[in-house]
Amino acid sequence: MTAATKNRNTASRPGFRRSHPVAADAVCFAGAIAVMGASGFAEPGSTATGLTALGVFQHYQDNTGGADGDQVVEIERGYFHVANSTGADEIARADIGQVCYLVDDQTVAKTSDTDARSPAGIVDDVDDNGVWVYIDPTNGVAATA
C-alpha cells in the first residue's frame, strides 16, 4: 500500500450505537451496562475479569434458552449515569478522570477489588445520585487498568 494521492471514499459508521449478538441465556435490561466476555457476545455487566465494557443496552432483550448469537441487542456508547459503590470503593470527585470498575450491570467501584473486576470506563463526574461514566470499548481503559 502507498499513501493516498487523491481523494478516496472512506466508509464510516454514524453515531455511537452498535448491534451486538447476545450471549446464551443472557437477559439484557434497557439502561443496564453491557459487556462482552471472552466468547465475544454481549451480556450484562458483572464482577468478573476479562470483560470489555461496551456501553448501555438500548432495549430489553431476553435470550433465555437461546444459544450465543441467537438474538441481537443494540448498545450505545457514551456518558452514562450509574450507581456508585459504597465504603472504601465509593467513587469521589477526586476520582474524576480515573478508571472505574464493574460491580454489576448498574454499579461501578473505585477499585478492581484486587483484580477481581473488569474496567467499566472513565469517571466523568460524581454527584449525590451516582457516577457519570464514559463507557466506550475504544477508549483504552482495558489497556490502562
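The values are calculated or read from the model by the stated rules, or taken from the named source; none is laboratory data. The shown structure was predicted, so the numbers you read here are calculated from the model rather than taken from an experiment. Note that each Cβ is placed from the backbone with ideal geometry, even for glycine, and that neighbours are counted across all protein chains shown.
The table below lists the values:
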{"item": "Some residue of region 42-50 being at pLDDT 95 or above, more than 24 Å from Arg17 (Cα to Cα) and not assigned by TED's automatic domain parsing to the domain that holds Phe29", "result": "no"}
{"item": "Residue count for region 43-66, restricted to those that are free of Cβ contacts under 8 Å to residues at least 40 places away in the same chain and under 12 Å from the mean Cα position of the chain (by Cα)", "result": "2"}
{"item": "Criterion violated by Ala67 - all others in (1) of a type in the set (A, V, I, L, M); (2) in a loop (DSSP other than H, G, I, E, B); (3) crowded, with 18+ Cβ neighbours inside 10 Å satisfied", "result": "(3)"}
{"item": "Scan of region 84-117 for residues that are surrounded by fewer than 14 Cβ atoms within 10 Å (Cβ to Cβ) and without any contact (Cβ under 8 Å) to a residue 24 or more places away in the chain, ordered by number", "result": "Thr86, Gly87, Ala88, Glu90, Ala94, Thr114"}
{"item": "Selection status of Ala120, surrounded by 13 or more Cβ atoms within 10 Å (Cβ to Cβ) and either modelled with pLDDT of 95 or more or of a type in the set (Asp, Glu) (or both)", "result": "yes"}
{"item": "Criterion violated by Gln61 - all others in (1) modelled with pLDDT under 95; (2) closer than 26 Å to Ala24 by Cβ satisfied", "result": "(1)"}
{"item": "Subset of region 92-108 [hydroxyl-bearing (Ser, Thr, Tyr) and either at pLDDT below 95 or under 15 Å from Asn139 (Cβ atoms) (or both)]", "result": "Tyr101"}
{"item": "Residue count for region 23-47, restricted to those that are under 21 Å from His81 (Cα atoms), of a type in the set (A, V, I, L, M, F, W, C) and assigned to a loop (DSSP other than H, G, I, E, B)", "result": "3"}
{"item": "Filter result for the condition that a residue is in a loop (DSSP other than H, G, I, E, B) and at positive phi, over Gly50, Gly55", "result": "Gly50"}
{"item": "Of all residues in region 17-50 being among the charged types (D, E, K, R) and over 19 Å from Arg117 (Cα atoms), the one that is surrounded by the most Cβ atoms within 10 Å (Cβ to Cβ)", "result": "Arg18"}
{"item": "Condition broken by Thr114, with the remaining ones in (1) outside any strand (DSSP E or B); (2) under 12 Å from the mean Cα position of the chain (by Cα); (3) among the hydroxyl-bearing types (Ser, Thr, Tyr) satisfied", "result": "(2)"}
